[in-house]
There are 2 protein chains.
Amino acid sequence: MITKAEIKTYFEGLQDQICASLEQADGKATFREDLWHREAGGGGRSRVIQEGNVIEKGGVMFSAVWGGLHEKMLASMGLTEKVDFFATGVSIVIHPISPMVPIIHMNVRYFEMSNGAFWFGGGIDLTPHYIVDEDARWFHQQLKNACDKHDFSYYPKFKTWADDYFFNTHRNETRGIGGIFFDYQKTDDTRTKDQLFNFVKEIGESFAPIYTYFMEKNKDIPFTEKEKTFQLLRRGRYVEFNLVHDRGTKFGLETNGRTESILMSMPPMAQWVYDYQAVEGSEEERTLGLLKKGIDWLE
Amino acid sequence: MITKAEIKTYFEGLQDQICASLEQADGKATFREDLWHREAGGGGRSRVIQEGNVIEKGGVMFSAVWGGLHEKMLASMGLTEKVDFFATGVSIVIHPISPMVPIIHMNVRYFEMSNGAFWFGGGIDLTPHYIVDEDARWFHQQLKNACDKHDFSYYPKFKTWADDYFFNTHRNETRGIGGIFFDYQKTDDTRTKDQLFNFVKEIGESFAPIYTYFMEKNKDIPFTEKEKTFQLLRRGRYVEFNLVHDRGTKFGLETNGRTESILMSMPPMAQWVYDYQAVEGSEEERTLGLLKKGIDWLE
């Protein structure tokens with residue numbers, strides 16, 4: 001059975017692979033690395049890329065932390081005794097320069113407790129500034145293909161989970177076109193730890209091919225000032241989701257995580273216009289109309 | 001004894017006065033008004049000003065809402081029976097064009113419950129992009145003067161409350177130079193309802209003279225690209241405070257308030273740079289060094 005040390009080592013290697021792929025696809029910017037240590041145990045390797053040819057700001061973060069489980073987390077799990085935890089994962093958010101290239105987020109993680117419980121979580125979701133049906137279909141097809149190699153129930157289940165999770169309730173709109181999201185994936189009669197880990201590896205390794213595809217395909221599409229402005233507005237909503245709703249961000253900030261690593265997800269620049277209304281019949285209106293749950297992009 | 005209807009009417013008039021003063025001081029932009037109704041009772045008059053001579057984006061919001069108290073609020077007050085509430089207030093956030101003019105926030109509010117309890121709350125705090133000691137002293141002196149007319153204990157108490165409230169814990173820095181903040185101000189042996197209301201009026205009416213003073217005084221101070229960039233970074237922190245920590249914002253978003261009115265506090269444009277570090281000895285470094293609790297600006 002795979003150990004936490006092996007999972008940690010795998011995630012470090014995944015971070016390396018992804019950074020190399022993104023640097024190659026960008027062709028200009030390179031990642032800056034910051035190592036950080038957590039007093040209570042563990043630390044991380046934050047890698048941030050800024051001002052590239054394609055990427056305006058992005059982070060590929062690895063961390064492996066351990067120690068006594070925080071009271072808030074114990075309470076949320078209904079645990080009364082003190083428990084030690086070990087958590088490791090890779091988290092990514094990329095904000096491209098062009099409004100024609102989508103924002104992407106990916107996370108894979110493993111969590112283990114001293115009482116013997118362990119689980120995997122993760123997901124990938126895409127936030128195009130302008131939704132292109134063909135791109136949305138291709139994206140969801142890649143995720144379905146990755147899921148189907150492991151369990152045919154995964155894609156429909158985790159796609160719905162993403163719709164529900166990446167949702168700005170206060171705007172009544174999804175963050176983007178969703179993707180997949182999963183948490184608390186534990187062993188059971190049908191799934192061994194190795195099988196779960198193989199699925200998480202599949203998702204982690206699908207990130208670079210998916211995003212570099214969009215980088216290559218869309219980076220040279222011309223865009224106007226109007227489209228750049230809409231990108232800034234959509235980034236404002238991205239900020240709202242991450243600061244108001246995202247559980248990982250909230251938990252990190254509340255438990256004194258490394259703020260600069262947690263908030264690498266913030267866009268380089270964002271805009272808010274009071275009561276923005278898209279022009280009737282415009283591409284902006286079309287995109288806003290597609291920010292809802294339950295769309296079957298593979299139809 | 002002053003009634004809720006009279007307080008509501010006063011706040012509406014205060015909104016009118018403040019909007020008139022700001023329009024006059026700006027000299028270009030005027031407020032747009034949106035009336036909104038709340039299904040469960042009451043509504044508001046949202047007024048937003050954008051793209052002025054001095055003001056880039058600002059809101060002066062009036063609301064008066066009533067109905068059954070939300071479960072979350074009942075629970076937070078330790079109430080088990082259903083209670084009706086009435087709440088009215090004026091809320092303001094102004095983001096100026098120039099980094100030499102400070103961001104300001106003001107709020108005055110009154111809350112009453114069907115079980116007979118009622119209280120006032122409010123505050124004013126200033127977020128200069130660059131802290132100028134003389135301006136900070138003047139600002140705090142105005143607040144102290146206003147407080148001292150009513151109770152000598154108010155300024156020290158409410159100044160400390162503002163330091164604690166307008167604090168970005170995840171950054172370990174105050175939002176700006178603070179000001180005053182107060183909540184749950186109820187009648188007692190020494191304070192009648194009319195006296196409390198007179199104090200709240202004093203604070204509400206001190207807003208326009210204070211902010212138009214800074215508008216006039218600082219609007220023509222020249223600034224550079226570097227200073228504009230720093231303004232965008234400081235606005236990023238303003239976003240973080242409002243979305244992560246501000247109780248009013250969180251409560252509004254959680255209880256299905258009017259999102260566009262609540263998020264009028266968002267700046268027109270904001271920026272995030274990974275691990276920003278001010279140049280040693282720079283004005284930026286000086287300002288960042290002053291973003292801490294407990295500074296006596298009147299010293």
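No value in this document is a laboratory result; all are computed from the given coordinates. Remember, predicted model here, so these are calculated numbers, not experimental data. Note that we place each Cβ from the backbone using ideal geometry, even for glycine, and neighbour counts take in every protein chain shown.
Within region A:261-286, which residues are more than 10 Å from chain B (Cβ to nearest Cβ) and under 18 Å from B:Thr259 (Cα atoms)?
Within region A:261-286, A:Gln277, A:Ala278 meet the criteria.
Scan region A:147-187 for residues that are small (Gly, Ala, Ser) and crowded, with 22+ Cβ neighbours inside 10 Å and jot them down.
Passing the criteria: A:Ala162, A:Gly176, A:Gly178, A:Gly179.
Yes/no per residue for (1) under 23 Å from A:Gly13 (Cα atoms); (2) among the small types (Gly, Ala, Ser):
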{"site": "A:Pro102", "(1), (2)": "no, no"}
{"site": "A:Ala117", "(1), (2)": "no, yes"}
{"site": "A:Phe139", "(1), (2)": "no, no"}
{"site": "A:Asp183", "(1), (2)": "yes, no"}
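Considering each of B:Val239, B:Val200, B:Val244 in turn, give the residue that is touching a Phe, Trp or Tyr at 6+ places or on another chain (Cβ under 6 Å) and in a helix (DSSP H, G or I).
Every option except B:Val200 fails the conditions.
Do we find a residue being assigned to a helix (DSSP H, G or I) and farther than 29 Å from B:Thr229 by Cβ anywhere in region A:257-270?
No, region A:257-270 contains no residue that is assigned to a helix (DSSP H, G or I) and farther than 29 Å from B:Thr229 by Cβ.
Tally the residues that are in a loop (DSSP other than H, G, I, E, B) and either in contact with a helix residue (DSSP H, G or I) (Cβ under 8 Å, 6 or more places away or on another chain) or under 29 Å from A:Val90 (Cβ atoms) (or both), restricting the search to region A:271-286.
The qualifying residues number 7.
Please determine whether any residue of region B:287-298 is in a loop (DSSP other than H, G, I, E, B) and either buried (at least 20 other Cβ atoms within 10 Å of the Cβ) or within 14 Å of chain A (Cβ to nearest Cβ) (or both).
Yes, that holds for at least one residue.
Please give the number of the condition A:Pro222 fails out of (1) more than 9 Å from every other protein chain (Cβ to nearest Cβ); (2) part of a helix (DSSP H, G or I).
So the condition that A:Pro222 fails would be (2).
Quick one: what pairs do we get from region A:59-70, first residue free of Cβ contacts under 8 Å to residues at least 40 places away in the same chain, second β-branched (Val, Ile, Thr), C-beta under 8 Å, 6+ apart or different chains?
Pairs found: A:Val65/A:Thr88; A:Gly68/A:Val83.
Could you say which residue among B:Arg237, B:Arg247, B:Arg258 is closer than 26 Å to B:Asn53 by Cβ, of a type in the set (D, E, K, R), within 14 Å of chain A (Cβ to nearest Cβ) and within 18 Å of the chain's Cα centre (by Cα)?
Matching residue, one of B:Arg237, B:Arg247, B:Arg258: B:Arg237.
Hey, can you tell me all the residues within region A:45-91 that are among the small types (Gly, Ala, Ser), more than 17 Å from A:Phe120 (Cα to Cα) and touching a strand residue (DSSP E or B) at 6+ places or on another chain (Cβ under 9 Å)?
If the condition is that a residue be among the small types (Gly, Ala, Ser), more than 17 Å from A:Phe120 (Cα to Cα) and touching a strand residue (DSSP E or B) at 6+ places or on another chain (Cβ under 9 Å), then A:Ser46, A:Gly52, A:Gly58, A:Gly59, A:Gly67, A:Gly68 are the ones that fit.
Quick test for you: out of A:Thr9, A:Thr30, A:Thr3, pick the one residue that is surrounded by fewer than 17 Cβ atoms within 10 Å (Cβ to Cβ), free of Cβ contacts under 8 Å to residues at least 24 places away in the same chain and within 14 Å of another protein chain (Cβ to nearest Cβ).
Only one candidate qualifies: A:Thr30.
Applying the selection to region B:114-168, what residues are hydroxyl-bearing (Ser, Thr, Tyr) and assigned to a helix (DSSP H, G or I)?
Those that are hydroxyl-bearing (Ser, Thr, Tyr) and assigned to a helix (DSSP H, G or I): B:Tyr154, B:Tyr155, B:Thr160, B:Tyr165.
Could you please tell me which pairs satisfy a Cβ distance under 6 Å, a separation of 6+ or placement on different chains, a first residue in region B:273-299 that is aliphatic (A, V, I, L, M), and a second residue that is in a helix (DSSP H, G or I)?
B:Ala278/B:Glu284; B:Ala278/B:Glu285; B:Ala278/B:Leu288; B:Leu298/B:His140
Applying the selection to region B:24-64, what residues are within 22 Å of B:Phe86 (Cβ to Cβ) and of a type in the set (A, V, I, L, M, F, W, C)?
B:Leu35, B:Trp36, B:Ala40, B:Val60, B:Met61, B:Phe62, B:Ala64, listed by residue number.
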